[in-house]
């Protein structure tokens, strides 16, 4: 079935030049399949819940309805995020995908709250459940559909690298667990005459609330700005440092404007003695290569450092050793020494982890105090930097 859908509903699926439009098509088809399957499941489960007077089946039905709403958001997100950049939005509309997902997560939370109230009432005022073998069959069929839907979405998510579709796949698999719990509750009531329908309903409602809250978190995080994938950052660093003219990089920031639009900015340390025109050409070449290799624009700032001067190299190694001895997790970069007839001015940046509790002023004081022991007349200027690699 998955092969059939991809074959007949994804146009130009092998077109590498139009990757964005093909990706959009995959996402939309995934959403439409989810809408159809979940609405069908909602209708048959709602019917079963009504004829059996089971609040847990009804809750499971509305769980599928919330999944259908999520699929609608997926379609809208991919449709809107595929709009071309314009004057007001020069970086495109990729974040619409996250906004649509957040709206749906609020809808899911509201559904969960209502079902939690209804299920709690059933615990205190239970209603006799009518057993129908057809209900069990319907629920078993829904499990099969949800397993297929999970596999289908997982395959699509892998093909287009979409966290939204991947979350849908995980949600579908979680629904399988919920439906199994509903079946267990029905069978316990039928064979052991123990009505736990209200408790199962509460369980399903709590699961819906959990899904809504985690979905809201997953869609808000990209909007707020999260740490980039470590593997991606390491690949970028390794690639840029492979150029002989680059001595080091820092302040790497990944600006995300949706799954298909990323911009990278970073500082690259270069030799202060190198020809500036050559360095400029090298930087331009690296920016073009990064765009081709990683499908994202790059803006690189040059930081000239003088590592040919023996005094500078000696000071760098001493100060680096001092910092590592006091703060093993810190990093040093942008090291420069400006000297005149009477004194030396030492400039450098120190990257401090976000979780560090000491104030910036205290850190600077601690480092300067140790440096003064080896360079009494030096003026030390330290810039505390909390950004090593960040995702905005």
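None of the figures in this text is laboratory data; all of them are computed from the coordinates on show. On a predicted model such as this, the values are computed, not experimentally measured, just so you know. Note that we place each Cβ from the backbone using ideal geometry, even for glycine, and neighbour counts take in every protein chain shown.
For the chain, find the longest principal axis of its Cα atoms and tell me its angle to the long axis of helix 163-192, 0 to 90°, nearest 10.
30
What is the distance in Å between the Cα centres of segment 86-156 and segment 259-292?
46
For the residue pair residue 220 and residue 190, what label-to-label distance in nm results when each label sits 7 Å from Cα along the Cα-to-beta-carbon direction?
Calculated label separation equals 4.2 nm.
So, in nm, how far is label residue 359 from label residue 265 when the simple model puts each one 7 Å beyond its Cα toward the Cβ?
Spacing of the two 7 Å Cα→Cβ label points: 2.9 nm.
Could you tell me which of rounded, prolate or oblate describes segment 254-392, using a ≥ b ≥ c as the square roots of the eigenvalues of the alpha-carbon gyration tensor, with rounded for a/c under 1.5 and, failing that, prolate when a/b is larger than b/c and oblate otherwise?
Values: a/c = 3.16, a/b = 1.45, b/c = 2.17.
Since a/c reaches 1.5 but b/c is at least a/b, the shape of segment 254-392 is classed as oblate.
Quick check on segment 227-304: what does the Kirkwood estimate of hydrodynamic radius come out to from the alpha carbon pairs, in Å?
12.8
Compute the length gained on full extension between residue 274 and residue 299: take 0.36 nm times their separation in residues and subtract their Cα-Cα distance, giving the result in nm to one decimal.
That pair, residue 274 and residue 299, stretches by 7.0 nm at full extension.
Could the peptides 109-117, 267-275 be put in order, highest first, of the mean number of other beta-carbon atoms found within 10 Å of their residues?
Sorting 109-117, 267-275 by mean packing, highest first, produces 109-117, 267-275.
I need the peptides 323-330, 43-50 ranked by packing, meaning the mean over residues of other C-beta atoms within 10 angstrom, with the highest value on top.
Details: 323-330: 13.5, 43-50: 18.4.
Ranked from most to least packed, the peptides come out as 43-50, 323-330.
Is segment 1-137 rounded, prolate or oblate when judged by the Cα gyration tensor, a ≥ b ≥ c being the square roots of its eigenvalues, rounded requiring a/c under 1.5 and prolate requiring a/b larger than b/c?
Note, shape of segment 1-137 comes out oblate.
Based on the Cβ-Cβ distance from residue 284 to residue 213, what FRET efficiency comes out when R0 is 45 Å, to the nearest 0.05?
So the FRET efficiency works out to roughly 0.45.
Can you work out the FRET efficiency for the pair residue 311 and residue 91, with r the C-beta to C-beta distance and R0 = 56 Å, to the nearest 0.05?
Efficiency for this residue pair is about 0.80.
Using only Cα atoms, find the angle between the long axis of helix 96-124 and the longest principal axis of the chain, and express it within 0 to 90 degrees, rounded to the nearest 10.
Once rounded, the angle reads 40 degrees.
From largest to smallest, what semi-axes in whole angstrom does segment 60-169 give when each is the square root of 5 times an eigenvalue of its alpha carbon gyration tensor?
Value: 36, 19, 9 Å, ordered largest first.
With semi-axes √(5λ) of the Cα gyration tensor in Å as the read-out, I listed (i) 57, 27, 15; (ii) 33, 23, 19; (iii) 46, 24, 18; which label goes with the value calculated from this structure?
Calculated semi-axes √(5λ) of the Cα gyration tensor in Å: the matching label is (i).
What is the antiparallel percent of DSSP beta bridges lying wholly in segment 227-304, to the nearest 5? Walk me through the numbers on the way to the answer.
Details: 7 of 15 bridges.
Taking every DSSP beta bridge with both residues in segment 227-304, the antiparallel ones total about 45 percent.
Before rounding to the nearest 500, sum -39500 (n - 2.57) across all DSSP H runs of length at least 4 in the chain and divide by the residue total; then give [θ] at 222 nm in deg cm²/dmol.
Per the formula, -21500 deg cm²/dmol.
Give me the extension gain from residue 370 to residue 83: residue separation times 0.36 nm, minus the current Cα-Cα distance, reported in nm with one decimal.
Here the answer is 97.7 nm.
Compute the angle between helix 360-371 and the longest alpha-carbon principal axis of the chain, please, reported from 0 to 90 degrees and rounded to the nearest 10.
40
Only bridges with both residues in the chain count here: give the DSSP antiparallel percent, nearest 5.
Rounded to the nearest five, the antiparallel share is 40 percent.
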